[in-house]
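What follows is a single structure, written as structure tokens, with notes after it.
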Amino acid sequence: MRFSRTLAALFTTTALGVTLASAGAANAACGLNSEGGKIKHVVHISFDNVHLRRDNPNVPSDLEQIPSLMNFLADNGVLSGNHHTVLISHTADDILAGLTGVYGDRMGMAVSNSYGYFKTGSSVGFSSAFLYWTALGGDGKPQMIDELGKTAPAPWAPFTRAGCDVGAFSVANIEFESVPGDVRTVFGVGSPEDVAVTAALNLPSIPANQPARQAPATDYLGIAVHCAAGSQICSGPHARPDILADEPGGYAGFNALYGNVNVAPVLCQAVPGACVNGAVKDTTGASIADPYGRPGFPSSFNPTAAQSLGYAATMLEAGLPIVYLYIADLHDQNPLPLDPTTNKLVPGHAFGPGEAGYVAQAKAYDAAFATFFARLKADGITKENTLFVVAPDENDHFVGGAPSPTSCDGVTTPCTYANVGEIDADLDRLLATERNNTTPFSVHSDSAPTVYVNGAPAPTDPTTRTLEKDMNLLNATNPITGAVDKFARRFADQAELGLLHMVTASPARTPSFAMFGDPDYYYLTAGNTSSCTSAPSCVFEITTNAWNHGDFQPEITTTWLGMVGPGVKRLGRNDQVFSDHTDIRPTLLSLVGLKDDYVHDGRVLVEDLHNDALPTSFKRDREGFEELARVYKQLNAPLGSLGVASLVASTAAVTGDDAAYASYLARTADFAARRDALAARIRAALDGAEFVGRPLGEDRGDEALAEQARDLIAEMNAAAGLTATDNDR
């Protein structure tokens, strides 16, 4: 049943939070169609940079230090360490791939957390990857542009169409990410909301001793509820139309609540014990607030586990059956401290593995999860009726020296570091100094920078070719180790970017090329070509960031996935199946008995699911489906065997002579066309079994598709000079 405001008197507060009068009851109108109707709720948790692996063999991993979560996953479901990111791996595109089940070329975010685009003329602009789902990007195209040039289908639509309300806390692009821009996207320029937010943005800084005055960030960012048609949650004055103009099949009659200013009043009326003075409480009982004490969204998009889990629990208790939430990592100081003199946030300290501050944050996260699970259990929301899906966006590479003492474990003996911090490198100054190359270009700063050459010259243009070759020859003395490091490790030209699903329907967003570099370095541009022999240095260490992502190395791109709930096998730690973020969406939808209006790039992870939870179409040839699905991932995933080999081949061609590069381009164009056509056929066959009820069939040649895929992978391995053993994924 729905927990409406009229039922508020039936709630009673406990030490753990709120106990519902009808434990485990969900929105009665929510039409999830899981096997036996067992799944009543979905809790989808995205982490930032939380590791299953150990970054230091002596120091327990992030997840090991959150045993309340790790044991819940391993004891009750499946925990896979053979899960992967997309390329380029970053918070935005990794989360969005998990939300949609498609790669960046089909949802617009192939480069993040911001992306470059070529303007008319010779200049390059940049836009944040974090904007609300229906916003326009910096290039004037839909931010979430699909392969047809329209706004990609929204991930909440199948749930709301089925009568299920969907709550979101800090998850990429399904709530407001930027003000006033997103406020204007939804409410309109000059709307009362726009006027209020714009006026607040023009106020002087709000002192910390005035927490009652709200700010636009705490009011409108990071929190939303997307409601089913006729939902009581969205029936009051706080609701606004949920407009998805490009949604396949239309999307009319749906409302949403945007921002804490509109969501909290509804939640607090429905679940009064979960709020204090009108503010939603975290799992410790404190009001969820920004660093200045203003209640609402924490505003930095780095919410702690206590904050995200507290808000999510309240949403579930208010009758929202589907909840998406995001939790910040453990490796950065969070929240940032305030300088009492200036009343400004102090840049945080990046923690090395086993540092005391990092261990303390891990303990707080563990306590938050223990409270969260206990609170949900008291509410009747358990693994018997709830699907839990948990995955980090990416796993970052630590940049720093050795710990002291060398045997420290962080738990009994804290680790300290003389050097903690990424190494920044000014590419434009280094190119001018080392190669006498002053070509104007911009980069999306990263350890794998995407490069946008002014004027957008063609891949074969001498300007592009010379810049690629010169960048390949750059090196620098590492300020931590004293060694001379070569920057470039891999290159992806535009042909390779296409193979890696990094070319969208907006040509303006396609970089000239990407350099995957030494992960100790963070590559940027200084905006000038002054010599590196004069101050400031072109290569320097900073201490506020020490964890690099975006690159291709397995330690960064190999992450983990945990699932618990009806239909999920109890396999514990199981790394047998290769998966990536695009597989999360189809697996989730298959379990709850819903479907999207498009074919996913990912596939259902049937190996982790009980037979009874699968459509009857699998029962004819489950082994055949598994075989085809596994080889499909190696064919199409950016980090599958073909993607890994193609990046090797691209690097050799980009750094080679022009004749070899021309031959590579012709060969790759033909190969990409064949790969894409084969991948589309396999996707259709898998989708037929997953969501259409059509078993794999010999009459359609489905059985031959796996062999064709293996042949293409072998062809790319040969082009890259790799054997199957060299490239065993």
1 or more residues touching a Leu at 6+ places or on another chain (Cβ under 8 Å) and open to solvent by 50 Å² or more (accessible area, probe 1.4 Å): qualifying helices (runs of 4 or more DSSP H) within the stretch 624-724: 658-687, 702-720
Number of positions in the stretch 87-111 that are assigned to a loop (DSSP other than H, G, I, E, B) and either of a type outside the set (S, T, N, Q) or modelled with pLDDT of 95 or more (or both): 11
Some residue of the stretch 593-604 being open to solvent by 20 Å² or more (accessible area, probe 1.4 Å) and in contact with a Ser or Thr (Cβ under 7 Å, 6 or more places away or on another chain): yes
Matching residues, the stretch 147-158, being open to solvent by less than 10 Å² (accessible area, probe 1.4 Å) and either closer than 17 Å to ILE95 by Cβ or at pLDDT below 95 (or both): ALA152, ALA154, PRO155, TRP156
Filter result for the condition that a residue is within 30 Å of GLY104 (Cα to Cα), buried (at least 22 other Cβ atoms within 10 Å of the Cβ) and acidic (Asp, Glu), over GLU193, GLU177: GLU177
Residues located in the stretch 258-300, provided they are in a loop (DSSP other than H, G, I, E, B) and either surrounded by fewer than 19 Cβ atoms within 10 Å (Cβ to Cβ) or among the β-branched types (Val, Ile, Thr) (or both): VAL271, ASN277, GLY278, THR283, THR284, GLY285, ALA286, ILE288, PRO291, GLY293, SER300
SER590 under 24 Å from GLU147 (Cβ atoms), open to solvent by less than 10 Å² (accessible area, probe 1.4 Å) and either small (Gly, Ala, Ser) or touching a Ser or Thr at 6+ places or on another chain (Cβ under 7 Å) (or both): no
Members of the stretch 57-79 that are open to solvent by 10 Å² or more (accessible area, probe 1.4 Å) and either assigned to a loop (DSSP other than H, G, I, E, B) or closer than 30 Å to VAL111 by Cα (or both): PRO57, ASN58, PRO60, GLU64, GLN65
THR314, sole failed condition from (1) of a type in the set (Ser, Thr, Tyr); (2) under 17 Å from GLU175 (Cβ atoms); (3) in a loop (DSSP other than H, G, I, E, B); (4) more than 17 Å from the chain's Cα centre (by Cα): (3)
Test: ASP485 is farther than 22 Å from CYS532 by Cα and surrounded by fewer than 19 Cβ atoms within 10 Å (Cβ to Cβ): no
Matching option when the condition is touching a helix residue (DSSP H, G or I) at 6+ places or on another chain (Cβ under 8 Å) and surrounded by 19 or more Cβ atoms within 10 Å (Cβ to Cβ), among ALA432, ALA391: ALA391
Which listed residue is touching a helix residue (DSSP H, G or I) at 6+ places or on another chain (Cβ under 7 Å), more than 26 Å from PHE398 (Cβ to Cβ) and free of Cβ contacts under 8 Å to residues at least 40 places away in the same chain, from THR529, THR463, THR439, THR504: THR439
Any pair with Cβ under 8 angstrom, 6 or more apart, that starts in the stretch 217-245 at a residue that is over 18 Å from ALA312 (Cβ atoms) and ends at one that is hydroxyl-bearing (Ser, Thr, Tyr) and surrounded by 24 or more Cβ atoms within 10 Å (Cβ to Cβ): TYR220/TYR258; ALA228/THR160; ALA229/THR160; ARG240/TYR258; ASP242/THR160
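The values are calculated or read from the model by the stated rules, or taken from the named source; none is laboratory data. Given the structure is predicted, the values throughout are model-derived calculations rather than measurements. Heads up, the Cβs are rebuilt from the backbone with ideal geometry, glycines too, and the neighbour counts pull from every protein chain shown. Each accessible area value is taken on the protein alone, full model and side chains, heavy atoms only, with ligands, DNA and RNA left out. Shrake-Rupley method; radii C 1.70, N 1.55, O 1.52, S 1.80 Å.
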